[in-house]
Amino acid sequence: MRHDDTLSRWERGAGTTGSNTLSMITIWQNSEESEIRILARGNFSLGAGGLANLLLALAAVTLCLAGMLAWQGYWPVLAFAIVQIALVAWIFIRAWERSWVAEVIEIHKDRIEVMHQRHKKKSCYEFETAWAVVEFQQPEIAWYSPRLVLRSGAKTLELGSFLTNAEKRQLVEHLSSAIKKHSAM
């Protein structure tokens, strides 16, 4: 079964006993509780429509003010306003793309599948459930954020780097309890 088919099956709710939503973390499990899916999302408060509306409002205000000055004979202001609008739009769009991040963690009896998606770029990883360990590593420097690491054998992967500390703790609890059912450790 392809990964896309698995995602759409979970999204339709096939075999789920319900979902549990905690801030930016959503958990689903099938009726036998043998498969669990955890979705961790970044705080993505501005959609594409909202971004377009914001940019249109900024452009309208800027061009109105620049147009009034150009009407009075200060026409170079209009060229600077257009360059400013283009630069601000480019910066907002890049920031919007970088904030769009999600991780889907599927825990099966024999494997753990992690799909990390940042805007259009997807990365998939697979770990053995029997040897999987979830670690919450405190930073060496006090103002750094703790790291959530999934380890299985020689493979390691940092999870939830975009989450707050409280959300990382919630993710650790959910991952640990889900993996504990199938782990040999």
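Of note:
- Scanning the range 34-82 for residues that are assigned to a helix (DSSP H, G or I) and of a type in the set (S, T, N, Q) returns ASN53, THR62.
- Exactly one residue out of ALA86, ALA102, ALA95 is out of contact with any Gly (no Cβ under 6 Å at 6 or more places or on another chain), hydrophobic (A, V, I, L, M, F, W, C) and under 30 Å from SER152 (Cα atoms), and it is ALA102.
- Residue match in the range 83-97 (condition: without any contact (Cβ under 8 Å) to a residue 12 or more places away in the chain, loosely packed, with under 14 Cβ neighbours inside 10 Å, charged (D, E, K, R) and part of a helix (DSSP H, G or I)): yes
- Residue count for the range 109-121 under the criterion of being exposed (fewer than 15 other Cβ atoms within 10 Å of the Cβ) and either touching a residue at least 40 places away in the same chain (Cβ under 8 Å) or on the phi > 0 side of the Ramachandran plot (or both): the result is 3.
- Those strands (runs of 3 or more DSSP E) lying entirely in the range 109-185 with at least 3 residues under 17 Å from the mean Cα position of the chain (by Cα): 111-118, 121-128, 147-152, 155-159
- The sole residue among LEU148, LEU175, LEU171 that is touching an Asp or Glu at 6+ places or on another chain (Cβ under 7 Å) and of a type in the set (A, V, I, L, M, F, W, C) is LEU148.
- Subset tally (residues that are in contact with a strand residue (DSSP E or B) (Cβ under 6 Å, 6 or more places away or on another chain) and either among the hydroxyl-bearing types (Ser, Thr, Tyr) or under 16 Å from SER183 (Cα atoms) (or both)) for the range 118-133: 9
- Test: residue in the range 13-24 that is of a type outside the set (Ser, Thr, Tyr), surrounded by 17 or more Cβ atoms within 10 Å (Cβ to Cβ) and modelled with pLDDT of 90 or more: no
- Within the range 27-79, considering residues that are aromatic (Phe, Trp, Tyr) and within 36 Å of the chain's Cα centre (by Cα), the one surrounded by the fewest Cβ atoms within 10 Å (Cβ to Cβ): PHE44
The values are calculated or read from the model by the stated rules, or taken from the named source; none is laboratory data. Model, not experiment: these values are computed from the prediction. Counting neighbours? That spans all protein chains shown, and the Cβs are built from the backbone with ideal geometry, glycine included.
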